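Here is the structure we will look at, set down as structure tokens.
Nothing in this text is a laboratory measurement; each read-out follows from the coordinates by a stated rule. On a predicted model such as this, the values are computed, not experimentally measured, just so you know. Cβ placement follows ideal geometry from the backbone for every residue including glycine, while neighbour counts extend to all protein chains displayed.
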Amino acid sequence: MVNFKAVNLKTIAMESIRQRPKGNYLWKAEWSQLYLLAEHWKSDLEFYKGDLTFLHHLIEKYFIWIINKQNTEEVKTIAHKLYKLKEEVKELLKRVDKHLTHLSALSKDPFTYDSDLFRKEHETLEDDIVDFVKNFRSNRMETFKITEHVVELEKLEHLLTN
């Protein structure tokens with residue numbers, strides 16, 4: 001692994017979900033700056049992976065108490081979406097690891113890969129991560145809403161039947 005501690009982290013301003021400065025930064029940045037950006041992606045993806053595990057446990061915790069069939073279907077649907085997100089985050093982590101390996105090689109020998117092609121791949125990976133984060137946030141909110149809704153309905157049904 002390459003040591004890029006000398007790079008100023010403030011050069012990678014986090015103004016948006018893209019986590020890089022606007023403009024043509026991607027095409028002008030040094031390999032070390034792109035490496036730090038990719039490490040940040042990896043850190044974020046690891047966090048999302050852990051959060052998905054938490055959301056699965058939350059769904060499982062309430063699923064065993066569900067009596068109403070409609071509520072069961074809602075929970076199954078969100079559980080399936082969370083499963084797909086977990087698979088997607090695993091794949092993105094693999095891609096980021098491979099990308100970091102390539103960036104490390106580029107820092108040692110800038111002619112290892114075609115610069116323009118590599119930067120385009122970097123941009124594509126970034127776009128895929130942005131799409132994942134949007135889907136993750138949406139499904140996270142949906143999970144909390146469904147969990148809250150199901151718990152309230154089940155409480156009401158329990159009170160009415162007792």
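Straight-line cross-link partners of LYS49 among the aspartates and glutamates, defined as a Cα under 13 Å from its Cα and at least 8 positions apart when in the same chain: GLU87, GLU88, GLU91. Measuring against 30 Å, Cα to Cα, the residue pairs LYS61/LYS90; LYS61/LYS86; LYS86/LYS108 contain LYS86/LYS108 as the ones spanning a longer distance. Rounded to the nearest 0.05, the FRET efficiency derived from the C-beta distance between HIS57 and VAL151 at R0 = 22 Å is 0.90.
Roughly how many debye, to the nearest 20, is the charge dipole of the range 33-161 about its Cα centre, given +1 on each Lys and Arg Cβ, -1 on each Asp and Glu Cβ, and no other charges? Walk me through the numbers before you get to the answer.
Values: 20 positive and 25 negative charges, 60 e Å.
Once rounded to the nearest 20, the dipole reads 280 debye.
Cα to Cα, under 15 Å, and not fewer than 8 places away if on the same chain: which aspartates and glutamates meet these conditions relative to LYS84? Within the straight-line limit of under 15 Å, LYS84 reaches these aspartates and glutamates: ASP51, ASP128, ASP131, GLU142. In summary, the aspartates and glutamates within cross-link reach of LYS145, defined as a Cα separation below 12 angstrom excluding same-chain residues under 8 places away, comprise GLU74.
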